[in-house]
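What follows is one structure encoded as structure tokens, with my remarks underneath.
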Amino acid sequence: MDVLSHYSSPVIEFPATQPIEKQNALVDNCTGTDPPPPGKEVSTSTQQKQHMGTQTEQLTGNTNGSVEYDERALAKWLRQIYPLVERELSQPTPLMDEDQQQQQLASQGALQDQLQVHIYQNLPMGSVENSQGLAIWLCVHTNNAPVLVTTTVAQHDDWCEHVDQQLKLFVPQRVAHGDFVIYREMKALPLKSCLRSLSTNSFNKNIFAGATMDGELFVWLYEQSRGASDANVDIKQLHSVTSTQGAAVALDWVTEQRLLACYANGTVLQWLVTKQMTLDWEYTAAVGGELSTMVSLGINDFVLGTNDGGVYRCWSTADRSSNNQLQLLTLRRHRFMVSTLLRTEMDGHRMVISCDLSGQAYYHDMRHEDEDTAQLIVQIPLPFKNAIACSRDANIIYCPSNDGALEYYRVSDGAHAHVKGALRGRGNLIRISDNGCWLITGLYGSEFQIFYIENNSKD
């Protein structure tokens with residue numbers, strides 16, 4: 001071990017840059033009246049005040065006011081604040097006292113007790129990555145469970161080259177020694193191209209229609225042999241026509257034999273479906289944007305939604321419609337694209353619910369022809385929900401959430417309930433059966449999710 005020794009280092013002198021003898025005159029800035037010194041040190045100029053919230057600005061030494069931003073500090077701050085903002089937006093906490101909070105929690109608990117939604121079954125589709133889904137409910141088969149038709153839509157633009165698409169039929173079958181059913185795939189029908197829309201004939205739920213991306217319209221019939229087993233089911237194609245308008249963005253049935261189809265360019269076609277499928281009439285809606293959705297209210301009466309937020313009611317009192325016979329009424333306008341139109345009833349009155357991409361839903365009262373009485377407005381909490389379904393009394397709104405979860409809201413008191421999912425992805429579709437007992441959402445990866453609704457209310 002080295003022995004420590006005392007060592008004195010030489011003194012290093014830094015001589016002053018100014019003579020020590022020189023004295024600077026001091027001026028009292030508080031009471032003095034002398035003018036400021038002629039010279040001023042540039043390095044002592046006042047720096048611009050930085051934002052105390054982010055602390056991300058770095059000032060340069062020049063005096064022209066230019067600012068350089070520290071991107072690493074900004075990114076670090078965003079990573080810290082983003083989860084908090086997202087959590088606050090998805091679950092807003094309005095200012096309320098303890099009594100109001102207790103009332104809200106009690107209403108939410110009552111909603112979950114009265115309306116229990118259970119995850120029932122997953123339906124694998126084997127689709128390609130980033131596909132979307134279409135699904136509709138048909139007639140009731142057994143145990144109050146309806147037949148289900150599904151398909152997948154691959155990502156593409158205006159034209160479709162996916163010729164290996166299929167329309168799949170799922171039939172509920174009773175389980176031995178159990179009081180429940182399981183949906184099994186019973187039929188797979190090849191399609192020429194992806195479907196743009198699907199619609200069940202509400203007057204005859206064995207019949208349904210679909211529009212493909214290449215402009216074709218198909219009408220199918222679900223068949224089951226009487227007295228046969230559940231396995232003896234089939235899908236029969238009844239009609240097929242080609243339209244020059246392109247892919248129909250929405251389909252709806254006016255009557256058992258009349259099919260309404262609307263197109264993005266504003267054209268609405270009504271087809272007469274009998275032994276042959278013939279064009280009944282054609283109408284061009286004079287609206288600003290492209291049509292995005294449609295719902296039929298009856299003979300020569302329907303509501304249109306556009307990609308710029310417009311909602312329009314078109315109707316005529318004549319037996320047959322033409323361009324100059326249909327009247328166009330502008331309803332309450334959304335700020336974003338109208339993604340969903342639902343026909344329903346509330347308190348015995350006919351209503352149309354419109355929902356845009358921001359999750360804002362309007363309830364339009366169809367009793368008045370000369371004004372829009374959409375006084376009821378529901379703002380669905382974030383994240384945005386552009387696909388909704390509603391109960392038969394229009395008091396409950398269902399929304400698919402991320403990862404196979406489901407959220408539902410009671411309009412009367414604002415109660416909110418959540419069903420946790422176990423899938424991956426964000427659902428873009430939701431359909432509820434006519435009896436209000438079954439929901440299907442998707443597509444999550446390559447699977448649909450079926451929910452069962454159990455209503456325990458005393459009403």
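The values are calculated or read from the model by the stated rules, or taken from the named source; none is laboratory data. This is a predicted model, so every value here is computed, not measured. As a convention, Cβ positions derive from the backbone with ideal geometry for all residues, glycine included, and neighbour counts pool all protein chains shown.
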Just name the residue that is nearest to Asn122 (Cα to Cα) out of those in segment 163-200 that are crowded, with 21+ Cβ neighbours inside 10 Å and of a type in the set (Phe, Trp, Tyr).
Tyr183
Tell me which residues, restricted to segment 189-239, are assigned to a loop (DSSP other than H, G, I, E, B), among the hydroxyl-bearing types (Ser, Thr, Tyr) and at pLDDT 90 or above.
Ser202
Pairs where the first residue, in segment 434-448, is part of a loop (DSSP other than H, G, I, E, B) and the second is of a type in the set (A, V, I, L, M, F, W, C), C-beta under 8 Å, 6+ apart:
Asp434/Trp137; Asn435/Val140; Gly436/Ile453; Cys437/Ala145; Cys437/Ile453; Gly445/Leu423; Ser446/Met125
From the set of residues in segment 240-264 that are among the small types (Gly, Ala, Ser) and assigned to a loop (DSSP other than H, G, I, E, B), which is nearest to Ile136 (Cα to Cα)?
Ala247
Among residues of segment 345-365 being hydrophobic (A, V, I, L, M, F, W, C) and not in a loop (DSSP other than H, G, I, E, B), the residue surrounded by the most Cβ atoms within 10 Å (Cβ to Cβ) is Cys355
How many of the residues in segment 392-435 are among the acidic types (Asp, Glu) and under 23 Å from Leu134 (Cα atoms)?
3
Could you list, in sequence order, the residues of segment 120-144 that are polar (S, T, N, Q) and assigned to a strand (DSSP E or B)?
Gln121, Asn122, Gln132, Thr142
Restricting attention to segment 422-455, which residues are over 28 Å from Phe203 (Cβ atoms), surrounded by fewer than 21 Cβ atoms within 10 Å (Cβ to Cβ) and of a type in the set (Gly, Ala, Ser)?
Ala422, Gly425, Gly445, Ser446
Test: Ala422 is assigned to a loop (DSSP other than H, G, I, E, B) and at pLDDT 90 or above
no
Mind listing whichever residues of segment 265-285 are part of a loop (DSSP other than H, G, I, E, B) and either surrounded by 15 or more Cβ atoms within 10 Å (Cβ to Cβ) or small (Gly, Ala, Ser) (or both)?
Gly266, Ala285
Assess whether His334 counts as being under 23 Å from Leu297 (Cα atoms) and modelled with pLDDT of 90 or more.
yes
Does Asp214 satisfy being touching a Lys or Arg at 6+ places or on another chain (Cβ under 8 Å), surrounded by fewer than 21 Cβ atoms within 10 Å (Cβ to Cβ) and either on the phi > 0 side of the Ramachandran plot or of a type outside the set (Ser, Thr, Tyr) (or both)?
yes
Identify all residues within segment 402-420 that are surrounded by 21 or more Cβ atoms within 10 Å (Cβ to Cβ) and out of contact with any helix residue (DSSP H, G or I) (no Cβ under 6 Å at 6 or more places or on another chain); write none if there are none.
Gly404, Leu406, Tyr408, Tyr409
Consider Ile377 carefully, then state whether it is at pLDDT below 85, under 17 Å from the mean Cα position of the chain (by Cα) and not in a loop (DSSP other than H, G, I, E, B).
yes
Here is a check on your reading of the model: is Asp179 of a type in the set (Asp, Glu), over 21 Å from Ser433 (Cβ atoms) and at pLDDT 75 or above?
no
For segment 405-431, how many residues are more than 15 Å from Ser391 (Cα to Cα), within 13 Å of the chain's Cα centre (by Cα) and among the charged types (D, E, K, R)?
1
How many residues of segment 408-430 are within 19 Å of Leu357 (Cβ to Cβ), touching a residue at least 24 places away in the same chain (Cβ under 8 Å) and of a type outside the set (Phe, Trp, Tyr)? The answer is 5
So which residues in segment 242-254 are in contact with a Ser or Thr (Cβ under 9 Å, 6 or more places away or on another chain), at pLDDT below 95 and not small (Gly, Ala, Ser), if there are any at all?
Gln245
Of those in segment 286-309 that are surrounded by fewer than 22 Cβ atoms within 10 Å (Cβ to Cβ) and small (Gly, Ala, Ser), the residue nearest to Asp252 (Cα to Cα) is Gly298
